[in-house]
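Data block below; observations after.
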Amino acid sequence: MTLVRKRRHQQALRLSLPPPPPPSSTDDFHSPPPQPVTPPTSPDIIENLSDLKKLAVLGHGNGGTVYKVHHQRSSSIYALKVLRFNNQNNNNAAAPMMISHQAAAREAEILKRVDSQFIVKCHAVFHTISGGGELCFVMEHMEGGSLYEALRAHEKLSEDVISRVAQCVLKGLQYLHGMKIVHGDIKPSNLLINAKGEIKIADFGVSRIVGSGNVGNASCEGCMGTCAYMSPERVDPERWDGDDNADGFAGDVWSVGVVVLECLVGHYPLIGMGEKPDWAALIWGICFGERLEIPESASPEFRSFVWRCLEKDWRKRGSVEELLQHPFVNNRCFTTSCASATSNHGLLDFAFHA
Ligand SMILES: Nc1ncnc2c1ncn2[C@@H]1O[C@H](COP(=O)(O)OP(=O)(O)OP(=O)(O)O)[C@@H](O)[C@H]1O
């Protein structure tokens, strides 16, 4: 039996990425090609991409599309994220968005390392050569969609729910930071909810492994949504000594603060309601804005938590460890019945029972 289990496990490990096509002279492919991926253990062995039947489009992101797929052999449902490689200097604005081999390699490298109940699981990775090359991630299907969609449907969340969201995201970050991984893109559309109401961190497209030399792409051109959650030291490293911030973990904490406040006020909180969300307004709100719009009704614990996350000086900002002990997260989770300090269960049941 042990042998059988071992063999099945090895089959899953055989999924590998053939070398990508050679980069063109204009390609920004400076890092090694994507390496064979060894995803964490999976209940189903997904050997062939052709075993997955596309059922629907779940969403579009920067560089790819996410499909709901059916694995015919096991009858399981997965999410298939397909990233298209940019092999040429594509100046055609009408062409679909594409990513570099470098970015794809980084995402695959990180997914191969992580295995936590607070992170969306990756079951397998495939590389295809169709249409210039694609990298396909077979992911755990998160039936409840994203926190972004939940916020659009519910506008605002209660402090109890926000506290539990914050706890799960911080626990995911605690795990990632312990593995020396900076997520770099914590925002509502990257926090996904499953059928049990559990919330998990997804999308490692701009993540980086500290000390590996592969720096996350913090370019703000054309990614306003993402920039909106970036910390002052990332947006304006000169003013906020961002270059001294060697690891970047504090930037993830800032993003948690923005998400938490957004969940309470029901809109992006660092620029005024109705204000045009252009680049200048964002820079001002992130780097210079001194007053946070926190509703009168917010509890002192909520205020204090948000202030510890949204401390502009990254050296003074709360750490993940500190915030996990904060009364906004800690006390509430010991008094609520459906979430414990270690479990992620039943967090966002409202996503299904609106
Ligand atoms: N595992 C999943 N299960 C269910 N839906 C998913 C899953 N992964 C992604 N999605 C859906 O697909 C959408 C696109 O995801 P993707 O990670 O490609 O981009 P994004 O995070 O929305 O944007 P960006 O790439 O700009 O960060 C998500 O917003 C979500 O609604």
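The values are calculated or read from the model by the stated rules, or taken from the named source; none is laboratory data. Just so it is clear, the structure is predicted and the values come from calculations on it, not from any experiment. Glycine gets a Cβ as well: all are built from the backbone with ideal geometry, and neighbour counts include every protein chain shown.
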Residue satisfying condition, being closer than 20 Å to Glu262 by Cβ, over 12 Å from the mean Cα position of the chain (by Cα) and outside any helix (DSSP H, G or I), within set Leu157, Leu135: Leu157
Residues of the range 98-155 that turn out to be hydroxyl-bearing (Ser, Thr, Tyr), surrounded by fewer than 19 Cβ atoms within 10 Å (Cβ to Cβ) and at pLDDT 90 or above, as a count: 2
Per-region count, the range 173-192, residues of a type in the set (Lys, Arg) and within 14 Å of the ligand (Cβ to nearest atom): 1
Odd one out for Leu170 among (1) aliphatic (A, V, I, L, M); (2) surrounded by 21 or more Cβ atoms within 10 Å (Cβ to Cβ); (3) within 17 Å of the chain's Cα centre (by Cα); (4) within 16 Å of the ligand (Cβ to nearest atom): (4)
